[in-house]
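As structure tokens, the structure follows; a few thoughts come after it.
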Amino acid sequence: MSRVDPTLLHELKEYGAVGIEKCFNCGNCTAICPLASDEYPFPRSVIRRAQIGDKERMKSQLDPWLCYYCGDCSATCPKGAEPGETMMASRRWLTGQYDWTGLARKFYTSLAWELGSIILVGLLVVWIIAMFHGPLVTERVELNTFAPLHIVHLADWVMAGALVFFIATNVLRMYWLTMRRDGQKIPFKFYVTEAWQLVLHALTQKRWATCAADEKDEKTRNAKRTARTIHLLLVSGYGLMLVLIIFFLSWFQTDNIYPLWHPQRWLGYYATVVLLLGAGWALWGRVKKEVEMHRFSHPSDWIFPILLLVVTLTGILQHAFRYWDMPLATYYTYVVHLAFTAPMLILEVPFGKWAHLYYRPLAVYFQAVKEKAKAEQQVPEGALAAAD
Amino acid sequence: MPEKLKIGVYTCYCGGNISHTVKCEQVAKVMESQPDVVISRTNMSLCSDAGQSQIEQDIKELGVNRVVIGACAPSLHEQTFRGTVMRAGLNPFLYHHIGLREQDSWVHTCDCDGATCKAMHLMAAGIAKARHLQPLEPIRLEAEKQALVIGGGVAGLRAALDIARQGLRVVLIEKSPFIGGRMAQLEAVFPTGEKARDLLCDLVKKVAGHPNIKLYTQAEVTGVTGYVGNYGVRILQHSRGVSAEDAQALMTACKKEVPDEFNYGLSQRKVIYQPFEGCYPQLPAVDWENYQGEPISLNGGQPIVLEDAPQTFDVSVGAIVVATGFDPYEPRQGEYSYGELKEVVTLPQLIRHLALMKSGEALTWNGHPVRDVALIHCVGSREIEGVDEPHEDGQVNNYCSRVCCTASLHMAVELHEKFPALNIYELYQDIRTYGRGHEDYYRGALDGGVRFVRYSGEERPQVTPAPTGDTHPVLLRVKDSLTYNEELEIPVDLVVLAVGMVPRQIDDLVNMLKVSRGTDRFLLEVHPKLRPVETAVNGVILAGTAQGPMNIQESLSAASAAAAKVLTLLGRGKVELPPFVAAVDAEKCNGTGACVEACQYDGAIALQTFTENGKEIKRAVVTPANCVGCGACVAACPNRAIDVQGWTLSQYEAMVDAIGMNIVDLVEA
């Protein structure tokens, strides 16, 4: 039995939900959704839990993460209850629930907290560099003298360590809430045998393709495909950058100038281009509000792509200044670049919008594990007879 | 010399309904050879203009003087063809109708030959009867151009006013001391949001000021005699108990208080009282049931004891409009914890509670702030036999009360507007907001954040007290089909039962008027579609919720319809009744009185003493207006002295002979 809690609806509204109360449970949203199933009848299931304030089930469900916001549900809804945006708000709310520090809840529900934290971390980075930077060589660009590689690398690793810690603990909470509380017994072996799903979906968002598969309208189908393609490129871009910075910083942050055909250059350029494309597309889309997934924008929906855009642009500038041999300009842009990069990674990945990068594939993975376990528990027909 | 019989026989195809099973042409051919038949025709659709013209033409040109029609059921088109026959100049009762469709083709679709034989028998019987048909005249009675309206609620007021405006006199009686009925207890009413008492006041003013309406409050019917056009009604009226001069002083001096039924017991009132400001009549009245002779001291003077001096008087009316209204369903002790938990109230109570609150006051109940409120639909309505406990009469209220859905949603919207922080739940089975503008309340409630929970009549919600330490005093448990049939627990401060409508306790009146009730115990109309406000008793008309659950709008429509029926009935000062009543053959009657004993209808037949050739003899005399033509007297009479006109014994015998004929004889006749 679930106890009704009317506060959840108001809570979700703080996370950007609109129109949940208008829903009269017709189920058109679930009927039109290409990803919904009998086991996971979202978005209606999620909206209904929100309406009656069933916090326990709301927390333990994977449903919001299984949606890629194609927006068919919102377009079909006869009541303007915006089921797509409810799913989005639920993802934000869940991010807040998984996060034990409480920071995610603060960031999602208070713009002051989010902006303040970004500025604070940015200023901290500026202060640290101001305190510990090396000599400013002005004759030529010597970035590694200004910011010695081994120190930056160390800082990278410290930051990566912190990220891993927060992500891992939050993921553990997600696991606890979604996999352990409903009493379903799940043999460990399935976590191993299904692990490939985690990797596959993290890298490809394979299920997103389903959203466009049955779309009859060519324009909408193309828009859906474009969204996924650009998102894939974006993922490849920041994935590449992450690998370069964490593992190949010495190769990447260098005062050497490589020839254009060298991977150091074209890999960097590739990443830059797709990051610009991805962030720019998201922001432009939110300004135009033409497709369903961009009609509503929570502050967090703006801040993340803006940060990404600024980080990319400052990266480009800094790169350009080095090539134009402008030492001071290079050093200063570098500082600005780091002052945006650090909060983007530290705040957005474990506590903000970027957290969907691991929650979403994890949810698909958990869903697969659950289904395997369930299939095993259901005694196949004839098995009992065979046992006799 | 009696005129020669010329029978016209018509077998209708009914567009195939009959002809697909019955071989109509064969039937018509056989009928042609029956004695006295001058023409036998078939027709694709006899009720069409062409079909009717054919009959008229035959009457005029062939001299047909008896018409036999085999077609649909007589309830459908008997009247149509009576008109046809009459237009051609024939007495309308020289026509007989046979229900070939309902009685034959529709029930024997698999047996064409059998159905055809049956049709021949039926038609032959009809022809046999037609040979014995005699011209009849409808019974015409003088009618009193005055109507009685029972009930001073909104329906009674509307009906009275509509009748009075057409120049007929109206006697309007109301059992309670004040008129306005249930509507006076409402505040803003859907779908316009106007104030109920303002609307009512308008109507009351017009009724009060109308010269044709005589209003009696504290009055009830104690006896009814007579028949349509000439009812004699005995009315008992209690005295007001106070006069305009001493009313205020007596009200102030009176100390005894009783729960105020106007506020459904939420407040107290004195036994000399006015229910609300602006009531009509304005003069306070003594509640005789609760005032039991307690002396009242006026300004320290001698204590006075007030006394009721009921008066009885008779009125003559041509028709009676029953507008006795409804009662809100009173839940049983313990039903949804009603009567056990203070936090469980009915919707009418909540309406009064809100009305009694000061504006701007926070919503409280029982001294506690109300943060969460649940409204449960269908309380005392749509009950299921075998699931819900039967009521005192062994029945369940299986009907839908129709107004409660919109009333609940209206309340939810009003609560949301007045108290935006309030969490509101609607526990419903189906949302039946059927009227124009009603759905807006559903939309408004949804948009206002009212939460809807859908239960099934098989498993009604449970209301239980919350365990100590809970945040709320009451817990609702309900299986919600919108949440995949999961059981929900809803903590609330107040549970509101949207109670349905039940008929009022009017057993005495029902017995006096001899009107029938439906299985839902509301008064029953003759036909839900064709005669929706008339009862089976001629001249007794229904108005408003005495007939079944209705909202104000519908009550008023019904009341105006009732008024229209009264006006058509009495407007000409004469009433016409069908002639199918008992008739006594004075030659044969020797006054045994068996018929009077057999008769179940008051005043339909009686023995009268006549002086004939100096001898006093008794003979039965029929009062046609009171006779329903049931035939009980015909069967009882040892001398065959009584017949029901239009259905005489000789007619029956002829029909039976024809039915009993061998089909071969019939065909070869």
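A few comments on the model shown:
- Of the DSSP H helices in chain A, those whose Cα atoms cover at least 27 Å axially and whose Kyte score averages 1.6 or more: A:111-132
- Trypsin sites (Lys or Arg not before Pro) lying in DSSP loop within region B:558-598, provided at most 16 other Cβ fall within 10 Å: B:Arg572, B:Lys588
- Spin-label model distance (nm) - A:Glu371 vs A:Trp127, 7 Å beyond Cα toward Cβ: 5.0 nm
- Length gained when the stretch B:Glu616-B:Glu340 is fully extended (0.36 nm per residue, less Cα-Cα span): 92.1 nm
- Computed about its Cα centre, the charge dipole of the protein assembly as shown is approximately 2500 debye, with only Lys, Arg, Asp and Glu carrying charge at their Cβ.
- Exceedance of the 32 Å cut-off in Cα-Cα distance is limited, within the set B:Lys195/B:Lys342; A:Lys106/A:Lys219; B:Lys255/B:Lys342, to A:Lys106/A:Lys219.
- Calculated [222 nm] ellipticity per residue, helices only, for chain B: -8000 deg cm²/dmol; basis is -39500 (n - 2.57) per DSSP H run with n ≥ 4, divided by all residues, nearest 500.
- 3J(HN,Hα) along region B:240-257, derived from phi through the Karplus expression 6.51 cos²θ - 1.76 cosθ + 1.60 where θ = phi - 60°, amounts to 5, x, 10, 10, 4, 6, 9, 4, 4, 4, 5, 4, 5, 6, 5, 9, 5, 10 Hz, with x in place of Gly and Pro.
- Over 24 Å between alpha carbons, listed pairs B:Lys29/B:Lys129; B:Lys60/B:Lys129; A:Lys224/A:Lys370; A:Lys59/A:Lys353; A:Lys55/A:Lys288; B:Lys145/B:Lys514: A:Lys224/A:Lys370; A:Lys55/A:Lys288
- For the protein assembly as shown, the Rg and Dmax computed from alpha carbons only, in angstrom: 43.5, 157
- Per-residue ellipticity at 222 nm, computed for chain A from helices alone with -39500 (n - 2.57) per DSSP H run of at least four residues, works out to -21000 deg cm²/dmol.
- Dividing the convex hull volume of the alpha carbon atoms of chain B by its residue count gives 223 Å³ per residue.
- Loop sites in region B:575-664: GluC sites (Glu not before Pro), DSSP, at most 11 other Cβ within 10 Å: B:Glu587
- Note on chain B: antiparallel DSSP beta bridges, both residues inside, total approximately 55 percent of the bridges counted.
- Isolated Cys residues of chain A, judged by Cβ distance under 4.7 Å to other cysteines: A:Cys23, A:Cys26, A:Cys33, A:Cys67, A:Cys77
- Listed residues B:Pro138, A:Leu177, B:His353: farthest to the positive end of the dipole of the protein assembly as shown (Cβ charges): A:Leu177
- A simple spin-label model places pseudo-atoms 7 Å from Cα toward Cβ; at B:Leu298 and B:Ser239 they are separated by 1.3 nm.
- Net charge, A:Trp65 excluded, C-beta distance under 11 Å - Lys, Arg +1, Asp, Glu -1: +2
- Among beta bridges that DSSP assigns inside the protein assembly as shown, antiparallel share in %, nearest 5: 55 percent
- Simple label model, 7 Å out from Cα along Cβ direction - B:Lys206 to A:Ala320, nm: 8.2 nm
- Values of log10 I(q)/I(0), in the order q = 0.22, 0.28 Å⁻¹, for region B:494-549 under a Debye, Cα-only, solvent-free model: -0.82, -1.23
- Neighbour-limited loop hits for GluC sites (Glu not before Pro), region B:441-518 (at most 11 other Cβ within 10 Å; DSSP other than H, G, I, E, B): B:Glu458
- At an R0 of 51 angstrom, the distance between the Cβ atoms of A:Lys289 and B:Glu330 translates into a FRET efficiency of 0.40.
- Shape metrics for region A:1-63, restricted to C-alpha atoms - Rg then Dmax, Å: 11.5, 31
- Contact order relative to length of chain A, as percent, for alpha carbon pairs under 8 angstrom and 6 or more apart: 23 percent
- Taken about its Cα centre, region A:103-376 carries a charge dipole of about 1120 debye when Lys and Arg each add +1 at the Cβ and Asp and Glu each add -1 at the Cβ.
Computed from the coordinates by the stated procedures, all read-outs in this text should not be read as laboratory data. This structure is a prediction, so every number in the text was calculated from the model and none was measured. Cβ coordinates were reconstructed from backbone atoms using ideal geometry, including for glycine residues, and neighbour counts include every protein chain displayed.
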